[in-house]
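Just so you know, all these numbers are worked out from the coordinates, no wet-lab data involved. For clarity, every value in this text was computed on a predicted model and none was experimentally measured. Using ideal geometry, Cβ is built from the backbone for each residue, glycine included, and neighbour counts are taken over all protein chains shown.
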């Protein structure tokens, strides 16, 4: 893991001029291509061209160098379980076909693109592959980028608020040029650090669209009568709504929409089982000339999230990590032999598996004053017995750390994770006494200055029983310092809205999204920058809406964090950026804005024994990582026997 | 005006029993009150007696839960998470040593990350009786630490195993019983009160009063039960103390249960109010409440009790269902439903089956009340032929 993350060179490229060496071969050195058996009939029938016409002239050739993966064979169906219909979008995440994407070492590599030229971190020239086609066989060209930019992102009807923030630097929109049919250029006058990572995200920024398809629904392109008829047929309000409805590259619920992913959806929503069939025009091949993906079909079965561990243990899935938790490991392991699968434990890369977020923007004034006192948050943190949580729930295999960067990050320092996290109820009590919370009621619960008992309601999305168990341990621990904890399970959306509105006192969620950053990655997660930050949603909203909503930061240190984040954006050498990270992490370690409870809990991954090329050890992370995405679901293949 | 006849009283001795002299035995029988006759009849119903005894025992146990339970409800034993039940033995190597358990050898199976406990015959841990154990506050009033039975010093005694936080299931079951069993009683008391009042009023007055009450009942009964419970209990604020929530839940259960009883009361009253003694009482100027309570209700009180007994199990099941859905009682209050919620995962079924034990007392109590209610219903009509 260390070696891997040390080389997260993600943005090293941004400052200097850099052109990626083309990782792909020219048409001449394309290996002899192997026809896909599944398409034999279609080719014989003339409905599909042979493979040499389908893959780009310069496909992306995966050599599997440095991995244990081996070239496989075509065919087979892969079954995966999902907890909600919405989760079919996971096929875009796992498929991980991106303009540029992270590789296993978390370095950015061109994927759909042939190459990217970056000048000064501000001029990005994207080169497409010659002969690359959409899943319906239509050529993928610069026109698809132009359509997105001119007819969608800067179209007043479709995007009244303008292009997405990643395409804007300090209020300046990107300058978009079509250089030729296979080359487009985005440029700004200042560096844009967020552009390439956004393209590589698990939820990527799609800056291209199948223009030939979407034009059918666009007022500026479609034939008005036909468009009006379609609007009525699909019962949409107007063409704009229709366009939105048909344009779901990420939600992936429109089987008609052409795609560049390895598998395309063939099932209309809603359904209980979704079939994703291989994209005949996919741009990756292996060294032996097999067009990827190896697997013909991926079947997503929708099951109740609670039943997924049981179904996985019964061997009803070929590859599963979603909806499985560490607590299921023992059960899953027991079924291994009987049902011919293997359970692997992958690392996670979140700053904290579970963390408490005191809401510094809560409406209630008394609570707000209290939560904003560092000593109060420190007392809460010190009262938690992390060792007990680790022993009781995680077999002592987790890490008893605060919510911060992980040891695998080059920015890691032990004191980030250990300051104010030693279990010390005495010191915690002293801190609380020092805050003047000396009065107690009959049950020994401390009282607020206005006489209300110190009851903290922790709201949880309640999706895992594990959370409830950990909170139970925290409840008992906090009782010893005279604080009562109550747990309230809520729907995820309801919880978020309550936090945003300032009704929630404290919420429980996972910690930092990316626990293994490098100095080149933006430290924005540490500063109030987003409404999704449950400890200061209103400050985040204020930043996100450029001051139209939310509240300005009115505390000294969070303001300082914001300044540091701004400073990082205009700093370009590695040492100064690391220095900024260090300052921000120190503030977090000392101020305990979030109370990390436990970290680095492993993720069980159930893998059918016939499924090859799934790494033994991996990092299961949302972004960067896209869960299985960086390991290439398209390179997994089914062997005839478990062997 | 006629002459008044002379007052005549016969001087002859009069023996009221001269036709038939009752033996003391017979006298006891014929003069027996209704309740006594019910009791006789009930005694002949074997199943009902056994069920009744079991219920008496379990209700007695909830009076002294603190003493019976070897551990406190919240005592966690971190070294014994998911420990299986320990059997009580009497003989060690063919020698009688009195009740004891074998201590556990614990290994963590790193292969499958399972905590494995093997009873070690070398670790004979004799149980202690009337011993000092976890502190408790008896009914929240008297502090104490005496328990009926405790593990050996430094030993463990998990007769029904432990849960994921290393809490003794046996103790938790006993404490859960206290809540679950009383929910039924409180609930039925509320439902009884409401049922008799509304049913009595409707039956006695008839007319538009009856009409209103009947329609009310129909509306209540037409509401689907579970969603209604769920809506009501979801409305309970989270900050309420567990005790308050407990009472709220019983009230909710009671509020929804009374219509059946009210109907029974009404139909009985409709018939009985036409009786002469009822007319007599009214003519003597008794108020309706007195007529209903003193003259009419006693006539079928036995029926009411029988039907109440039969509806206690539905209360217990209702609480269990609500808590199971996470809408009823919440930890730290523990009821059978709360315990079952915690067993609501595949691990409990496959690896730790003792977590599902709370089903057993639910089944036993529900069956117990059903058998007893059955016996009571038969007994309530002592003259019926068997």
Can you give the Rg to Rh ratio of the range B:192-281, both from alpha-carbon atoms, with Rh computed by the Kirkwood formula?
1.13
Determine, for B:243, A:308, the number of other Cβ atoms within 10 Å of each Cβ, and report the residues in order from fewest to most.
B:243, A:308
Obtain the nm distance between the two label points defined at residue B:116 and residue A:641 by a simple spin-label model: each point lies 7 Å from its Cα along the Cα-to-C-beta direction.
3.0 nm
Hey, got the average number of other protein chain Cβ atoms within 10 angstrom for residues in B:334-347?
3
Descending semi-axes in whole angstrom, ellipsoid equivalent of the protein assembly as shown, from the Cα gyration tensor
68, 35, 31
Cα-based convex hull, the range B:171-379, per residue volume (Å³, whole number):
134 Å³
Let me know the shape class of the range A:235-384, please: from the alpha-carbon gyration tensor, a ≥ b ≥ c as square roots of the eigenvalues, rounded when a/c is under 1.5, otherwise prolate if a/b is greater than b/c, or oblate.
oblate
Give the distance, in whole Å, between the Cα centre of the range A:50-75 and the Cα centre of the range A:119-147.
21 Å
Taking the Cα atoms of the range B:22-110, what is the range of coordinates along each of the three principal axes, in descending order and whole Å?
80, 37, 23
Separation between the residue A:256 and residue A:70 pseudo-spin-labels, each 7 Å from Cα along Cα→Cβ, expressed in nm?
4.6 nm
Shielding by partners - mean other protein chain Cβ count within 10 Å, residues of B:108-119
3
Placing each pseudo-label 7 Å from Cα in the direction of the beta carbon, residue B:109 and residue B:193 end up separated by a distance in nanometres of 5.4 nm
Determine, for each peptide in A:626-635, A:369-378, the mean count of other beta carbons within 10 angstrom over its residues, then list the peptides with the highest first.
A:626-635, A:369-378
Cβ density ranking, 10 Å radius, fewest first, applied to B:233, B:267 yields B:267, B:233
Size-normalised alpha-carbon gyration radius of the range A:354-598, reference 2.2 N^0.38 Å:
0.99
With only alpha-carbon atoms counted, please give the Rg and Dmax of the range A:430-532, in Å.
16.7, 54
Go from 0 up to the bin containing the longest alpha carbon distance in the range A:308-440, width 10 Å each, and give me the % of pairs per bin.
10, 28, 27, 20, 11, 4, 0
Suppose only helical runs count, i.e. DSSP H with n ≥ 4. What mean residue ellipticity at 222 nm does that imply for chain A under -39500 (n - 2.57) per run, divided by all residues and rounded to the nearest 500 deg cm²/dmol?
-7500 deg cm²/dmol
Which semi-axes, in whole Å and largest first, does the equivalent ellipsoid of the range A:200-260 have when worked out from the alpha carbon gyration tensor as the square roots of 5 times its eigenvalues?
23, 12, 9
How compact is the range B:86-157 by the rule of thumb for globular proteins, expressed as Cα Rg over 2.2 N^0.38 Å?
1.41
Could you give the length gained by full extension between residue A:610 and residue A:530, i.e. 0.36 nm per residue of separation minus their alpha carbon distance, to one decimal place?
24.5 nm
Provide the convex hull volume over Cα atoms per residue for chain B, in Å³.
259 Å³
How do B:64, A:88 rank when sorted from fewest to most other Cβ atoms within 10 Å of their own Cβ?
B:64, A:88
